[in-house]
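Input: a single structure, listed below in structure tokens.
Taken together, the values in this text are just the output of simple stated rules run on the coordinates, not laboratory data. In this text, all values refer to a predicted model and were calculated from it rather than measured experimentally. Don't worry about glycine lacking a Cβ; one is built from the backbone with ideal geometry, like all the others, and counts go over all protein chains shown.
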Amino acid sequence: MEYSLSSLIDAAEGIGLAEAARQNEMKYNEISQAEIDEKMREALDVMRQSAQRGFDPKMHSMSGMTGGQAYKLQQAVQAGITAGGGFLGRASARALAIAECNAAMGKIVAAPTAGACGILPAALLTAQEEYGLSDETLIDGLIVAGAVGEVIAARASISGAQGGCQAECGSAAAMAAAALVYIRGGSAKQCADACAFALMNVMGLVCDPVHGLVEVPCVYRNASGVAGALVAADLALAGIPSPLPPDEVIDAMKAVGEQLPPSLRETGEGGCASCPSCKRA
Ligand code: SF4
């Protein structure tokens, strides 16, 4: 099987990207369409529950570094005192909630990883709220996101330890951007363009968890990751083509990841983790 966005675009000709991704999955993983859709429905349920739990103002991680911030953001958005307004604010708060749920050892869907678990569900669930989409449409979005994530994992990496946070939160933003384009009626090429925009906009983002815990800056990068996905999707939906072939952007992300020193790949030694106040704590 060739792992590329260009081959996905070809396969989507006449049937759409979700159906092409479903057919690939059925062919290579010997799974029925009903089983795929049931797995996606279960994932969607867990995503909803993790968002709900993450908005509990009393929820905190074991370290005490994170928790309760999503609730604050949600309150601020509802009070109309944020800069980004409704959709962006609600999506960011939801991404933060799910990431805080993960930090507090709650159940989440790794999408594609636990550290980046808030971005894709926040994009899809907030789009459902905003546009009145059905669960079936969201399941199509999840299938599209999964196909994009599979290509990134095969060509580059979805691991912070291997490729930096560009490979975790960046990949999640790319998956979410493609899913958003799909559920808003964009073409397969526009989905790939959105993926490219999302990745190029975080190219080089390092993995630098404070004290080696997936909390700071991770939970906040989930909030900004869904914002990046929204922008990338809007660029593509406006008909702006990626100036670079999307598969080449994925390959460039891989090359950058390989050039990152170990201190910036999940060792908790560089970046935010190297701030003097972290070392004193
Ligand atoms: S900083 Fe590292 S551990 Fe945290 S979300 Fe990004 S890749 Fe994952």
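Worth pointing out:
- Relative contact order of the chain: 20 percent, from C-alpha pairs under 8 Å at least 6 residues apart in sequence.
- Lysine pairs in the chain with Cα atoms under 25 Å, if 8 or more residues apart or on separate chains: 7
- Measuring how big the chain is from its alpha-carbon positions, Rg and Dmax come out at 17.8, 59 Å.
- As a calculated quantity, the FRET efficiency between Tyr131 and Glu30 at R0 = 25 Å, using C-beta atoms, amounts to about 0.15.
- Calculated from backbone phi, Karplus (6.51, -1.76, 1.60) coupling profile of region 42-53 in Hz, x at Gly/Pro: 5, 4, 4, 4, 5, 4, 4, 5, 5, 5, 4, 5
- Put simply, when 122-128, 272-278 are sorted by average Cβ atoms within 10 angstrom per residue, most first, you get 122-128, 272-278.
- Each residue of region 114-130 is assigned a 3J(HN,Hα), and the resulting list reads 5, x, 10, 6, x, 5, 5, x, 5, 4, 6, 5, 6, 5, 4, 4, 6 Hz, derived from the Karplus form 6.51 cos²θ - 1.76 cosθ + 1.60 (θ = phi - 60°), x at Gly and Pro.
- Within region 207-239, backbone nitrogen closer than 17 Å to the virtual label 7 Å beyond the Cα of Thr82 toward Cβ: 219-232
- Dividing the summed helix terms, -39500 (n - 2.57) for each DSSP H run of n ≥ 4, by the number of residues in the chain produces a 222 nm estimate of -20500 deg cm²/dmol to the nearest 500.
- Compared with the dominant principal axis of the Cα atoms in the chain, helix 17-29 is inclined by about 90°.
- Taking the C-alpha atoms only, the angle from helix 135-155 to the longest principal axis of the chain is near 80 degrees.
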